[in-house]
Amino acid sequence: MSLPDRPNILWISLEDTTPRFGCYGDTLARTPNIDRLAAGGCRFPNAFSTAGVCAPSRSAIITGMYQTSIGTHHMRTTHTNQNTPEMPTPYSAVPPPYVKTFTEYLRGAGYYCTNNSKTDYQFTPPITAWDDCSNNGHWRNREPGQPFFSVFNPTVTHESGMWERDERPLTTNPDDVQLPPYLPDTPKARQAVARQYDNLATADARVGELLHQLEEDGLAENTIVFLWSDHGEGLPRGKRWPYDAGIRIPLIVRSPGTLAPGGLSEQLVSLIDLGPTVLSLCGVQAPAHLQGQPFIGPQAVARDYIFATRDRYDESYDMVRAVRDKRYKYIKNYYPEKPYLLWIPYRNRHPVMQEMWRLHAAGELEGDEAVMFRYPRPAEELYDVENDRYELNNLASDAAHHDVLERMRGALAQWQSEFGDMGHLSEEQMVAGWYPDGTQPQTAAPVFIPINAENPGMAVAIEDGQWEAPLLLQLHCSTQGASIAYTTEQQEEARWRLYTEPLRLPKGETTVRAKAIRIGYRESDENIMRLSVR
């Protein structure tokens with residue numbers, strides 16, 4: 001059975017998750033539903049996020065643009081910097097005017113798009129991004145026969161799920177847990193990772209519910225299912241870092257009739273490729289400015305490298321850039337004089353991080369367990385990730401790898417040159433360019449232009465009135481890059497539609513409400529027009 005030309009798409013987006021699944025060979029995992037999904041689809045073991053933390057990564061996913069290209073690289077924009085009171089906080093990132101959420105292109109092509117319900121894009125989700133962005137978002141609310149793109153975000157695997165916040169009994173035996181060699185092997189550390197296994201089992205049950213709902217609705221055979229995580233695991237030297245523990249993510253795609261069941265693809269995939277891939281599979285033309293590329297389907301393009309970044313995360317500024325191919329990882333530290341472990345109080349709530357600080361203070365960390373306390377950092381790091389999976393043997397000064405070092409340096413420099421890197425700007429400079437007077441700009445309100453034989457669209461805007469049929473109603477916003485949402489419903493909880501072309505109004509009375517939004521700007525005021533068509 002082959003998929004229709006306009007297949008449905010289901011995304012299941014986990015948080016803070018490395019591939020601790022049975023289908024990835026983890027014998028401690030209890031993930032029967034995820035394993036079943038993989039058995040019917042294809043695994044991509046060389047899939048990576050663009051950052052080791054959620055908001056920069058999610059901004060790249062939803063826009064198809066690297067976070068360092070559009071100013072969404074700092075985590076988060078709610079940062080309060082008491083030393084720079086002139087910088088508005090929180091602020092919303094303001095990408096170039098042509099940047100949209102890629103879901104707008106799907107909506108413009110007739111897809112029903114829902115998100116349930118995490119966003120974390122570094123900007124307020126525009127009203128034009130989703131048909132429904134709420135805890136009620138579901139494909140079941142679409143019009144009959146309408147193709148859908150639906151996203152569900154189980155959050156149970158977030159780093160905070162490993163904290164000691166309650167007395168829940170563990171169902172995973174901490175004695176069975178394997179820790180990477182750069183973390184201290186203590187009972188407290190083992191218990192934290194055991195909690196992650198328990199939380200993954202809970203997430204797996206939610207995956208099972210969603211897959212069952214597809215089957216109940218008779219949609220399993222015409223829906224492409226993607227399962228992925230926004231970045232790697234929430235452990236020290238994982239989350240917030242461009243080491244594989246922080247950016248390597250699970251990626252499973254089930255596409256009936258097009259991807260062989262039980263498949264395995266070793267190709268490199270970046271999460272920035274997700275949006276362009278969906279557009280391609282749905283037959284929707286992708287704008288040329290998107291920086292990701294399809295990784296499956298007839299328009300698939302092979303990757304030579306993936307790229308990842310680290311910048312200000314919470315209170316502390318940093319700048320790290322990384323490039324990886326299938327065998328080597330190159331990391332450039334722009335602040336080698338800084339310690340690895342900058343002050344991030346949220347991270348310090350993690351029980352494994354607390355163990356690391358306790359043992360370091362007592363002088364009891366040795367060997368690889370002390371790697372995050374070494375000072376200074378190397379200016380450059382190079383790892384043979386094929387033979388050094390934990391990235392502990394830095395080859396940057398190894399003469400035998402000089403050619404590899406030069407190649408990887410060049411690949412990173414080329415990427416920064418091609419796509420830009422706003423990390424070279426101070427955050428204050430960047431935000432001042434967006435908020436020149438210190439306040440967030442507001443999108444101009446849309447105006448209405450009725451078009452018929454009497455008025456061929458010459459006037460800038462016309463008030464309520466009576467018009468002869470046939471009548472088209474054009475909407476216009478003077479803010480560059482703004483999108484317009486409209487509805488003819490009068491209740492407060494109306495369904496807002498994406499405006500793409502003039503509305504053909506029927507005879508009789510019609511009231512049209514409209515508002516506009518550019519990403520990073522405040523939403524416009526709402527305008528209303530009442531028309532009578534004779």
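The values are calculated or read from the model by the stated rules, or taken from the named source; none is laboratory data. Worth saying up front: this structure is predicted, and the values here are computed from it rather than measured. Glycine gets a Cβ as well: all are built from the backbone with ideal geometry, and neighbour counts include every protein chain shown.
Applying the criterion of being surrounded by fewer than 21 Cβ atoms within 10 Å (Cβ to Cβ) and either of a type in the set (A, V, I, L, M, F, W, C) or outside the structural domain of residue 280 (by TED's automatic domain parsing) (or both) to the residues of region 116-151, the residue that is nearest to residue 209 (Cα to Cα) is 133.
Let's see how each residue does on (1) over 24 Å from the mean Cα position of the chain (by Cα); (2) not in a loop (DSSP other than H, G, I, E, B):
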position: 126; (1), (2): no, no
position: 144; (1), (2): yes, no
position: 151; (1), (2): no, yes
position: 169; (1), (2): yes, no
position: 178; (1), (2): yes, no
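Quick one: how many residues across region 21-53 are free of Cβ contacts under 8 Å to residues at least 12 places away in the same chain and either touching an Asp or Glu at 6+ places or on another chain (Cβ under 8 Å) or closer than 19 Å to residue 207 by Cβ (or both)?
Of all residues in region 21-53, those free of Cβ contacts under 8 Å to residues at least 12 places away in the same chain come to 25-27.
In the following step, the residues that additionally are either touching an Asp or Glu at 6+ places or on another chain (Cβ under 8 Å) or closer than 19 Å to residue 207 by Cβ (or both) were identified as 25-26.
Result for region 21-53: 2.
For region 469-485, the condition of being crowded, with 21+ Cβ neighbours inside 10 Å, of a type in the set (Gly, Ala, Ser) and outside any strand (DSSP E or B) holds for at least one residue. A count restricted to region 490-523 and to residues that are within 32 Å of the chain's Cα centre (by Cα) and outside any strand (DSSP E or B) stands at 13.
Among the residues that make up region 443-452, is at least one of them more than 15 Å from residue 514 (Cβ to Cβ) and part of a loop (DSSP other than H, G, I, E, B)? Checking region 443-452: at least one residue is more than 15 Å from residue 514 (Cβ to Cβ) and part of a loop (DSSP other than H, G, I, E, B). A single entry from 412, 405, 341 fulfils the requirement of being within 28 Å of residue 185 (Cα to Cα), outside the structural domain of residue 164 (by TED's automatic domain parsing), at pLDDT 95 or above and surrounded by 12 or more Cβ atoms within 10 Å (Cβ to Cβ): 341. When 459, 453, 494 are checked against the criterion of being small (Gly, Ala, Ser) and free of Cβ contacts under 8 Å to residues at least 12 places away in the same chain, a single residue qualifies: 459. Answer with yes or no whether residue 157 is of a type in the set (Ser, Thr, Tyr) and in contact with a Ser or Thr (Cβ under 8 Å, 6 or more places away or on another chain). Taking the combined requirement at face value, the residue satisfies it.
Yes or no, residue by residue, for (1) within 16 Å of residue 249 (Cβ to Cβ); (2) touching a helix residue (DSSP H, G or I) at 6+ places or on another chain (Cβ under 6 Å); (3) surrounded by fewer than 19 Cβ atoms within 10 Å (Cβ to Cβ); (4) among the aromatic types (Phe, Trp, Tyr):
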{"residue": "15", "(1), (2), (3), (4)": "yes, no, no, no"}
{"residue": "21", "(1), (2), (3), (4)": "yes, yes, no, yes"}
{"residue": "24", "(1), (2), (3), (4)": "yes, no, yes, yes"}
{"residue": "28", "(1), (2), (3), (4)": "no, yes, yes, no"}
{"residue": "38", "(1), (2), (3), (4)": "yes, yes, no, no"}
{"residue": "41", "(1), (2), (3), (4)": "yes, no, no, no"}
{"residue": "44", "(1), (2), (3), (4)": "yes, no, no, yes"}
{"residue": "47", "(1), (2), (3), (4)": "yes, no, no, no"}
{"residue": "50", "(1), (2), (3), (4)": "yes, yes, no, no"}
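Only a single criterion out of (1) touching a residue at least 24 places away in the same chain (Cβ under 8 Å); (2) surrounded by fewer than 16 Cβ atoms within 10 Å (Cβ to Cβ); (3) farther than 30 Å from residue 214 by Cβ is not satisfied by residue 183, namely (2). Could you list all residues from region 42-61 that are farther than 13 Å from residue 14 by Cα, touching a Leu at 6+ places or on another chain (Cβ under 9 Å) and not aliphatic (A, V, I, L, M)? Across region 42-61, the qualifying residues are 42, 43, 44, 45, 46, 48, 50.
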